[in-house]
Amino acid sequence: MVKKIAGTIVTILLLMLCACGTGPNEGDLSLISTQQEIEIGDSLSQELDAELNLINNAAVVDYVDYVGQSIVSVCERSEITYYFKVVQDDTTINAFALPGGWIYIYTGLLRRLEDESELAGVLAHEISHVVARHSAEQLTQIYGYSILVSVLLGSNPGFWEELMANLLGSAGILHFSRQNEFEADSLGTYYEYLADYDPREGMLEVLEFLQELGGTSSLLGELFSTHPPASDRIAAVQRQLENFDLSDSLMVNRDRFRDMINHLGGPLEKYKK
Ligand code: ZN
C-alpha cells in the first residue's frame, strides 16, 4: 500500500525519525548507551515480573505480542527486541514501557478497549517512548551517568530497590514530560498508519477514552498522564491526520479483538458504544 503524506510532514517526520534512530543525543557521552539501557530494562523487568501478576494465557499473550510486533516492524531502533506482557489487574487502566523494550499493558485497560486498532495505538505510544529514548534520557538526568554505570558494574546493589520504588511511585521515571508525550503520540500515530492500522479508530479513540475518563482517576497511569491535557493531545493527532491518506481499507479488526477479550472474561464497563 502506497502511503501518501504531504511533503512538509514527510520532511518533519523524517527529521524526527532520523533523530530517534540514532538517539536524540548521539555524541553526548553523558547518555547511557543502548546496551546499557537494555541491561537496565532487563534487570527492572525481572524485578517487576516477580511483583506483578502476569497473564500466561497464550490466546491473549500471543495476540498482544502479534499486534505489538506489527508496530515494531515499521518503527526505528531495530536493534531493540521488544517484549509485550499483560498484567492481570482489572482496576488499573494503564500501560507503560521500561527502558530497552519491555512493554506492559494491564487488563484494566485491555478490557476497556474496543478493537485491535486501539490496542495498536496504545502499544505504538509505548513503543515510541522506547524509540525516542525517553526513559534512557530521564534515568540519566535523575541518577547521572556514573551512578548508572556503577549499578551495571554491580557495585551499587541497593540501587535496584530504589529504582523500582521510583518506577512505581508517583514521581517515578515513567512520568514523562509534556514534550515526550506529544512525541510518543505523534510517532505512535505514524507507526500505526505505517502498519496499516486506522489511527482514527486507534490512537484518536484511545485519547478520546482518556478524555471521557476526565484524567482525574487515580487508576490512570503513564499512558493517561494529565499533562498534557487529553484535549491538546487529541487536537495534535487530528492535525497530524489531516496530512495522511486515510483509506477505509486500514485495519480496525474488532471481531478478533473481541474474541481475544472473551478469554479474559469479556469487555469491562465504561467503554462500550
Ligand atoms: Zn506516554
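Numbers for the structure displayed
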read-out	value
Residues that are surrounded by 12 or more Cβ atoms within 10 Å (Cβ to Cβ) and charged (D, E, K, R), drawn from segment 32-61	Glu37, Glu39, Asp42, Glu47, Asp49
Which numbered condition Thr140 fails, given (1) within 16 Å of the ligand (Cβ to nearest atom); (2) part of a helix (DSSP H, G or I); (3) more than 16 Å from Thr189 (Cβ to Cβ)	(1)
Residue that is farthest from Asp198 (Cα to Cα) [pool: residues in segment 114-137 that are away from the ligand (no atom under 16 Å from the Cβ) and assigned to a loop (DSSP other than H, G, I, E, B)]	Glu114
Conditions (1) within 24 Å of Tyr197 (Cβ to Cβ); (2) within 15 Å of the ligand (Cβ to nearest atom): number failed by Pro99	(1)
Residue that is outside any helix (DSSP H, G or I), at pLDDT 90 or above, closer than 27 Å to Leu98 by Cα and of a type outside the set (S, T, N, Q), where the choices are Leu207, Leu246, Leu187, Leu268	Leu268
In segment 59-76, the residues that are within 16 Å of the ligand (Cβ to nearest atom) and either among the charged types (D, E, K, R) or not in a helix (DSSP H, G or I) (or both)	Cys75
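The values are calculated or read from the model by the stated rules, or taken from the named source; none is laboratory data. What you see is a predicted model, and the numbers here were worked out from it, not measured in a lab. No Cβ is skipped: glycine too gets one built from the backbone with ideal geometry, and neighbour counts run over all protein chains shown.
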